[in-house]
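S.K.: Structure in structure tokens, see below.
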Amino acid sequence: MPARLFTSALFCLVFTQFASAQTSILGTWKSIDDKTGEAKSIVEIYERGSKIYGKIIKIFPQKGVTDPICTKCPKNDPRFNKKILGMEIIKELVPDGNEFEGGDILDPEVGKVYSCKLWLEGGQLKVRGYLGPFYRTQTWEKTTP
């Protein structure tokens, strides 16, 4: 009987770890433009300290643009005139239940910084940027780097 109990406990532990890995926002995500439906980049979401961050690790080429820089970022932002590839665009999100919020996200195409919230829904990452009472939500797809 103890062996059966041990096997059951081990199965539950492994299953719980596997299930939690499937529901983590950490990892790489393909950003999808909510207006065009086109893939824009691959963003790596990672934890630093107790906060969540995200940086662009791959860009899907646009016509005539090979190595874009953030010319539209606010001039007082350290990311102004820096390469978008490798840029940290999500900063300082903290867990709040099943969501992560309290930080911000940069849209380098328009140079605006928004309050941000992330959550998982149906295996996809929902990314919502807020500017006052207005918001926009994108759905990102899990990918491998």
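Only the coordinates and a few stated rules stand behind these numbers; no lab work does. Here the structure is a predicted model, which is why all the values come from computation and not from measurement.
S.K.: Counting only C-alpha contacts under 8 Å and six or more residues apart, can you give the relative contact order of segment 25-143 as a whole percent?
M.R.: 22
S.K.: Can I ask one more? Once fully extended, how much extra length lies between residue 48 and residue 88, figured as 0.36 nm per residue of separation less the alpha-carbon to alpha-carbon distance?
M.R.: Net length gain for the segment: 13.2 nm.
S.K.: When a/c reaches 1.5 or more, the comparison of a/b and b/c decides; with that in mind, is segment 54-145 rounded, prolate or oblate per its Cα gyration tensor?
M.R.: Oblate is the answer for segment 54-145, as a/c is 1.5 or above yet b/c matches or exceeds a/b.
S.K.: In percent, what relative contact order does segment 105-145 have, based on Cα pairs under 8 Å that are 6 or more apart in sequence?
M.R.: Dividing the mean separation by the residue count of segment 105-145 yields 28 percent.
S.K.: Cα centroids of segment 129-145 and segment 74-104: how far apart, whole angstrom?
M.R.: A separation of 12 Å, based on Cα centres.
S.K.: How large is ³J(HN,Hα) for each residue in segment 60-73, as worked out from phi by the Karplus curve 6.51 cos²θ - 1.76 cosθ + 1.60 (θ = phi - 60°), to whole Hz, x for Gly and Pro?
M.R.: 8, x, 9, 4, x, 10, 9, 9, x, 10, 8, 7, 9, 4
S.K.: Sequence neighbours fewer than 8 away in the same chain don't count; with that in mind, list the lysines whose C-alpha is under 27 Å from residue 75.
M.R.: 35, 40, 51, 55, 58, 63, 83, 91, 112, 117
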